[in-house]
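Let me begin by presenting the structure, written as structure tokens, before commenting on it.
What follows is calculated from the coordinates using simple rules that are stated; it is not laboratory data. Because the structure is predicted, anything quoted here is derived from the model rather than measured. Using ideal geometry, Cβ is built from the backbone for each residue, glycine included, and neighbour counts are taken over all protein chains shown.
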């Protein structure tokens, strides 16, 4: 009789349950890493778009202010009556007393400085609505002669120019235009044309109006040296200042709003991962232990089977002569 037929079957070293647990652990890790990576990628994209929008709308706000100032100065400079009273000797009575180019340019229109220049001198000075006799160089960092040349060297003198300069030490938008008649009279030497200058100082009050109009936050001026390589700044040429707006940072806010639940989820994921690995290790040890126990049991059964076979052989060897003797 072969008693090995009664031995228990040897279990598999890696059961289906163990494989499923290992797969679940790997899947949890992949999902956790993928979700975290996607969240950070979305946040970075949102913040990048925010920087681009802040820079775009800041530059657009300035461009539109430049366009408005150019259109406005043209209505004064390309005007026959202004040409008659401002070319040559300035008619102060017409310009200031009669308010054709007086304090309302400051009180109503916000121009901090109004000047009439030629190549030799400053012929008319209006600062914050006050009539003065000062030279433009006392207020404006930009060279007056360079400004006049820039205007008069244009092919089309009817087009105003704009630039940035410090006005009383603060950044300002400078708009200048040649003073011309809008009739058909012949012009003499165009280099002798007087130049009208409007100075729009970019004060915090004006910038607040701009940021509200363009949906910006805290539009302000800052020294370039304090901004480093800030991507959203709009440089004001050689003034040493740039226009910047605060960033909304939606990606940053998104991360901070999701970090607590994300941290909790990752914590739970870590606990589950630890639990699954522990369970997998225990299952693996149990399977290995069971395998070794079964191996020892099978070896014992095999030895017992061999002993039984040997006993049967001895029994047959003894029983055979007895049968032969009894047969006689």
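Observations
- Footprinting exposure proxy for 67, 163 (fewest neighbouring C-beta atoms within 10 Å first): 67, 163
- Ascending count of other beta-carbon atoms within 10 Å, so fewest first, for 184, 313: 184, 313
- Using a cutoff of 8 angstrom between alpha carbon atoms and counting only pairs six or more residues apart, the relative contact order for segment 92-141 works out to 27 percent.
- In percent, rounded to a whole number, the relative contact order of segment 65-245 is 22, using alpha-carbon pairs under 8 Å and six or more apart.
- Ordering of 224-233, 80-89 by burial proxy (mean other Cβ atoms within 10 Å per residue, highest first): 80-89, 224-233
- Antiparallel DSSP beta bridges within segment 65-245, percent to nearest 5: 95 percent
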